[in-house]
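Here's the structure, in structure tokens; my notes come after.
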Amino acid sequence: MGVTQQQVVESLAKVASPRGVALTDAGVLSAISVTEGRVFFSINVDAAEARTWESVRAQAEAAVRAIPGVSAAMVALTAERKPGAQPAAAAPHRHSHGVQPVSAHRPPQGAASPMSRQSEIPGVAAVIAVASGKGGVGKSTTALNLALGLRDLGLRVGLLDADIYGPSVPRLTGIQEKPKLNDDRKMIPIQRFGLSIMSIGFLVEEDTAMIWRGPMVMSAITQMLRDVAWGTLDVLVVDMPPGTGDAQLTLAQNVPLKGAVIVSTPQDLSLIDARRGLAMFRKVNVPVLGIVENMSYFQCPNCGTRSDIFGHGGARHEAERLGVPFLGEIPLHMSIRTTSDAGNPVVASEPDGPHAAVYRAIATKVREGLQGAIAAA
Ligand code: ADP
């Protein structure tokens with residue numbers, strides 16, 4: 001019989017809380033999601049108390065993992081500052097996907113936030129982000145094929161799907177299995193195409209992932225970075241949530257990034273969004289490794305004729321203007337879409353084709369941008 005919510009509640013009732021009552025009576029638990037042995041929930045406390053609750057979070061997670069039949073457990077600690085508890089930083093103009101602003105949750109300058117663990121990940125030489133100013137520009141497709149391109153250069157590569165609003169890596173890779181735990185109770189990433197892959201989509205259903213709020217995003221992603229047995233990697237590619245809202249900014253701030261790749265389509269609007277992405281990484285001192293123009297031009301699958309339907313070249317021009325490297329242009333091509341959507345990305349399924357060559361060329365430039373970081377490790 002599968003794990004039930006009741007079993008989870010019973011195990012949590014044995015965990016004490018700093019409020020002197022059982023965790024289940026402390027009024028801090030979110031709804032508990034149990035899907036085929038994968039358990040997810042959050043503990044919501046005030047930011048001022050967060051530090052005291054971190055050990056409770058760990059105990060809760062351990063208690064749930066000890067339930068027979070639980071294959072993965074993830075407990076996010078979400079710390080919210082009470083409205084008015086602290087003056088909010090400059091309010092952001094927009095928040096993608098209805099994410100609550102987290103400026104008010106940011107610690108004062110110089111104070112270490114319990115969520116902020118920007119230290120390196122042992123064994124991982126360089127973490128890079130693949131970001132986009134908005135959704136639907138092909139960020140995830142680019143992240144996966146870029147990871148494969150880096151693999152083709154002989155690097156040991158991992159892929160973390162941090163797009164927790166709509167994790168698409170399970171679909172793009174065809175992975176349906178769940179990560180297992182090692183003896184240290186860390187999740188073992190799934191091996192596919194020679195990559196070590198982890199996605200929140202392996203743990204929760206896609207629709208569940210849509211309800212996350214800002215602070216939860218950070219907590220969940222920190223855990224996916226730290227509680228996964230990544231092993232030794234030259235590069236860990238993080239597929240970021242789309243957009244440049246506060247959740248993304250917090251992420252860029254709290255993940256130990258060596259660089260960021262921005263994906264844009266040639267349309268003007270998307271370039272404006274790309275500029276926001278650029279500004280976001282600059283704000284948190286993460287070097288922008290460059291801009292990729294995706295769906296740059298249309299290549300007819302039958303005759304190979306190229307049409308610049310979106311006025312191609314905008315990203316190259318923009319990159320030059322902004323003084324960041326231009327990493328390359330990827331055509332809008334049927335086989336990129338069909339291979340992606342079939343869970344067999346084009347660099348893996350058509351390694352000798354023209355698209356794989358484009359992604360490898362981009363990977364080469366990314367490696368050049370990271371040279372110092374990888375060599376130092
Ligand atoms: P995002 O992560 O930005 O939301 P995805 O990578 O999920 O975008 O891509 C959105 C859709 O566009 C997917 O169906 C994907 O297969 C398709 N796609 C992405 N890049 C290309 C491309 N260069 N050519 C054709 N289809 C593409």
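The values are calculated or read from the model by the stated rules, or taken from the named source; none is laboratory data. Note that this is a predicted model, so its numbers are computed, not measured. Heads up, the Cβs are rebuilt from the backbone with ideal geometry, glycines too, and the neighbour counts pull from every protein chain shown. Just the protein is used for accessible areas: all its heavy atoms, side chains included, with ligands, DNA and RNA removed. Shrake-Rupley method; radii C 1.70, N 1.55, O 1.52, S 1.80 Å.
Inside the stretch 332-348, can you point out the residues that are buried (at least 18 other Cβ atoms within 10 Å of the Cβ) and modelled with pLDDT under 95? Talk me through it step by step, then tell me what you get.
Just the residues of the stretch 332-348 that are buried (at least 18 other Cβ atoms within 10 Å of the Cβ), to begin with: 332-333, 336, 339-340, 345-348.
Correct list: 332, 333, 336, 339, 340.
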Mind checking which residues of the stretch 151-165 are assigned to a loop (DSSP other than H, G, I, E, B), away from the ligand (no atom under 13 Å from the Cβ) and buried (at least 22 other Cβ atoms within 10 Å of the Cβ)?
-> none
Does residue 369 count as away from the ligand (no atom under 12 Å from the Cβ) and modelled with pLDDT of 80 or more?
-> yes
Is there any pair with a first residue in the stretch 330-349 that is without any contact (Cβ under 8 Å) to a residue 12 or more places away in the chain and a second that is open to solvent by less than 10 Å² (accessible area, probe 1.4 Å) and β-branched (Val, Ile, Thr) whose Cβ atoms are under 8 Å apart and which are 6 or more apart or on different chains, and what are they?
-> 339/346
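Could you pull out every one of the strands (runs of 3 or more DSSP E) wholly within the stretch 219-309 that has 3 or more residues that are open to solvent by 10 Å² or more (accessible area, probe 1.4 Å) and either more than 13 Å from the ligand (Cβ to nearest atom) or among the aromatic types (Phe, Trp, Tyr) (or both)?
Details: elements: 233-239, 257-264, 288-299.
In the stretch 219-309, the matching strands (runs of 3 or more DSSP E) lie at 288-299.
I'd like the residue in the stretch 124-150 that is near the ligand (Cβ under 7 Å from one of its atoms) and part of a loop (DSSP other than H, G, I, E, B) and, out of all such residues, is surrounded by the fewest Cβ atoms within 10 Å (Cβ to Cβ). Quick ask: steps written out before the conclusion?
So in the stretch 124-150, the residues near the ligand (Cβ under 7 Å from one of its atoms) come out as 132, 135-142.
From what is left, the residues that are part of a loop (DSSP other than H, G, I, E, B) are 135-138.
On the way: 135: 17, 136: 12, 137: 23, 138: 21.
That would be 136.
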